[in-house]
Amino acid sequence: MSDQEPRNKKRPSNVRLALMLGAVALTFYFAMFVVMSR
Amino acid sequence: MSEHHDSHHDDHGPEKGIMRWIKTTNHKDLGTLYLWFAFIMFFIGGIMSLIIRLELFSPGLQWVNPEFFNSMTTMHALIMIFGGVMPAFTGLANWMVPMMVGASDLALPRVNNWGFWILPFAFTLLLSTLFMDGGGPASGWTMYPPLVLQTGDAFPFMIFAIHLMGISSITGAINVVVTILNMRAPGMTLLKMPLFVWSWLITAYLLIATMPVLAGAVTMLLTDKYFGTSFFTAAGGGDPVMFQHIFWFFGHPEVYILILPAFGIVSTIIPTFALKTLFGYDSMVYAMASIAFLSFIVWAHHMFTVGMPLAGELFFMFATMLIAVPTGVKVFNWVATMWRGSMTFETPMLFALGFVFLFTLGGFSGLMLAIAPADFQYHDSYFVVAHFHYVLVPGAVFSIIAAIYYWLPKWTGHMYNETLGKVHFWLSAIAINLTFFPQHFAGLAGMPRRIPDYAVQFTDWNVISSVGAFFFFIAQFTMAYNWIVNCVMRKGAAAPARVWEGAHGLEWTVPSPAPYHTFETPPVISDSEITAVHDEPAAEPSRA
């Protein structure tokens, strides 16, 4: 089994899950500027 | 996967020389690098604390000028938090999370390499500021404007260093979440995971949610200073108090980032040396999740004196006190695990017990600080310094030391010297109380924090505290000798695969030292290796 594939097939792949979490982090970062610029 | 491919992987060891460490994507190598990095940073941050304690040994100014003193308090905090405790926990996660869940490595090994190698650059940048015009950053690790905006050339370097540390933490956290959610061995359901893994899963979510907030706040400081914005500058319509809200919205969850992995470590060590399964596994998980949730709604207890509406003071006071409930559940469960256990007191257990006693003491002074009307007296006093050092040194740092004594024989294949380990514990436990207990009294009597000089009536407490600090620093050389000579240089006795009689978990099923690659094929998990025992199904047979 490749490490790049989730062992539970219902889950997103490792890279996709990492990108989703990274997008959450970036959203928090930029949301700060949106809120503070109001 | 073909047979040929399998055998190729079995033979694949580490590269030779320095390039092994620069290019490595192996979770064990990177765990080792993180731990060595943290070790060096603890040493540098420790030297800074000694400079602080040397100056405070007697009233008046004798060794350093006030600007340099402020720089030392600021850099000591930044280095210990971001360079010491956090990388040490990340190193432990690197080593242990894949082995504990039965994965071959972390999910994103190259990202893991990048996440580590950012750190030496970040801290070189930060430390280089000490040699710049105007000296290092000196406004405290909280970086409150408008004071922080007076920083000299060090300012952009500090901000960039914090950005790099944040990127490193977020990539590490993403790696941990993906590994835990996607790469557990078959049968390792979430509620069968070792508690160290649970503690890191929750910590990783906290990191992903809060580090970008810190990054945003310091970016706004940067634009306020150099690009004419007024996020926090009152003269341009900004609000300096808003920075405090944003900083502590990051800063309070950060406190739990520094302590949740410690909870996981102590929950692993105590059952091993009590020869019992952990009491209340499920409640431990729920308690950690509750603490993580509550950590987002208590931030303003750090700024009670800033002038908030009464309703705000009350909300943050009661929400903060609520944290004592899940924390109390955890302390109760640790004690209940030891109740009628066949306890032995090897060095990791001594440090774990020291944690339970002394961290709880830090928790109690935290409750005192949570009382808003009382906080007006304690705020910015040495009482606060005593409180958070009790939580962080015999709390977070003791847990890191306990974890390394516990797992180092597994990593290196060699035992540390038990007598020397016990000497190290007792010297550290005595020294830490000498250092920080008197600070409660100095604080209650009115000594402010972050000052290089003080009124003469505080002298006695400060003398004891300074002697304790030097004593603690020197005591750590017994630890360094024990680990380096006996384990790293392999002079100690050979360690068996299951180093501790009462230890359960997948990491003890592989030989000591742990092979370079483990669990290339997902392991079959036997019941005896599952550390979790759930409370509900009473029919489940006891393994005791």
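The table that follows gives values for the structure above.
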| item | result |
| --- | --- |
| Cβ-Cβ under 8 Å pairs, at least 6 apart or on other chains, the range B:184-196 side at positive phi and more than 9 Å from every other protein chain (Cβ to nearest Cβ), far side modelled with pLDDT under 90 and outside any helix (DSSP H, G or I) | B:Gly187/B:Val524; B:Gly187/B:Ile525 |
| Residues that are assigned to a helix (DSSP H, G or I), under 22 Å from the mean Cα position of the chain (by Cα) and more than 17 Å from B:Phe376 (Cα to Cα), drawn from the range B:296-331 | B:Ala324, B:Val325, B:Pro326, B:Thr327, B:Gly328, B:Val329, B:Lys330, B:Val331 |
| Sole exception among (1) surrounded by fewer than 22 Cβ atoms within 10 Å (Cβ to Cβ); (2) outside any helix (DSSP H, G or I); (3) touching a residue at least 40 places away in the same chain (Cβ under 8 Å); (4) of a type outside the set (Phe, Trp, Tyr) for B:Gly134, by number | (3) |
| Members of the range B:197-238 found to be out of contact with any Phe, Trp or Tyr (no Cβ under 7 Å at 6 or more places or on another chain), at the interface with chain A (Cβ under 10 Å from one of its Cβ atoms) and touching a residue at least 60 places away in the same chain (Cβ under 8 Å), listed by number | B:Tyr205, B:Thr219 |
| Number of positions in the range B:202-235 that are assigned to a helix (DSSP H, G or I) and open to solvent by less than 10 Å² (accessible area, probe 1.4 Å) | 15 |
| All positions within the range B:147-168 that are within 17 Å of B:Trp114 (Cβ to Cβ) and open to solvent by less than 20 Å² (accessible area, probe 1.4 Å) | B:Ala161, B:Met165, B:Gly166, B:Ser168 |
| Tabulated pairs, the range B:456-470, first at pLDDT 95 or above, second open to solvent by 10 Å² or more (accessible area, probe 1.4 Å) and among the acidic types (Asp, Glu), C-beta under 9 angstrom, 6+ apart or interchain | none |
| Per-region count, the range B:85-111, residues of a type in the set (S, T, N, Q) and within 11 Å of another protein chain (Cβ to nearest Cβ) | 1 |
| Yes/no for B:Met368 being touching a Leu at 6+ places or on another chain (Cβ under 9 Å), of a type in the set (A, V, I, L, M, F, W, C) and open to solvent by 30 Å² or more (accessible area, probe 1.4 Å) | no |
| Residue check for B:Ser128: open to solvent by 10 Å² or more (accessible area, probe 1.4 Å), modelled with pLDDT of 95 or more and within 14 Å of chain A (Cβ to nearest Cβ) | no |
| Selected residue [away from chain A (no Cβ under 14 Å) and touching a Lys or Arg at 6+ places or on another chain (Cβ under 9 Å)] from B:Leu149, B:Leu181 | B:Leu149 |
| Residues that are closer than 14 Å to B:Ser104 by Cβ and open to solvent by 30 Å² or more (accessible area, probe 1.4 Å), drawn from the range B:15-26 | B:Thr25 |
| Odd one out for B:Pro186, checked against (1) open to solvent by 30 Å² or more (accessible area, probe 1.4 Å); (2) farther than 26 Å from B:Ser199 by Cβ; (3) not polar (S, T, N, Q) | (2) |
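A quick yes/no check of all residues on (1) surrounded by fewer than 21 Cβ atoms within 10 Å (Cβ to Cβ); (2) outside any loop (DSSP other than H, G, I, E, B):
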| residue | (1), (2) |
| --- | --- |
| B:Lys28 | no, yes |
| B:Gly31 | no, yes |
| B:Leu50 | yes, yes |
| B:Pro59 | yes, no |
| B:Gln62 | yes, no |
| B:Pro87 | no, yes |
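Here is a yes/no grid of residues against (1) over 19 Å from B:Ala402 (Cα atoms); (2) free of Cβ contacts under 8 Å to residues at least 12 places away in the same chain; (3) open to solvent by 30 Å² or more (accessible area, probe 1.4 Å):
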site: B:Phe477; (1), (2), (3): no, yes, yes
site: B:Val485; (1), (2), (3): no, yes, yes
site: B:Val488; (1), (2), (3): no, no, yes
site: B:Ala494; (1), (2), (3): yes, no, yes
site: B:Arg498; (1), (2), (3): no, yes, yes
site: B:Ala503; (1), (2), (3): no, no, no
site: B:Val510; (1), (2), (3): yes, no, no
site: B:Glu520; (1), (2), (3): yes, no, yes
site: B:Asp527; (1), (2), (3): yes, no, yes
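The values are calculated or read from the model by the stated rules, or taken from the named source; none is laboratory data. Just so it is clear, the model here is predicted, and its values are computed rather than measured. Ideal geometry is used to build each Cβ from the backbone, glycine not excepted, and the neighbour counts take in all protein chains shown. Each accessible area value is taken on the protein alone, full model and side chains, heavy atoms only, with ligands, DNA and RNA left out. Shrake-Rupley method; radii C 1.70, N 1.55, O 1.52, S 1.80 Å.
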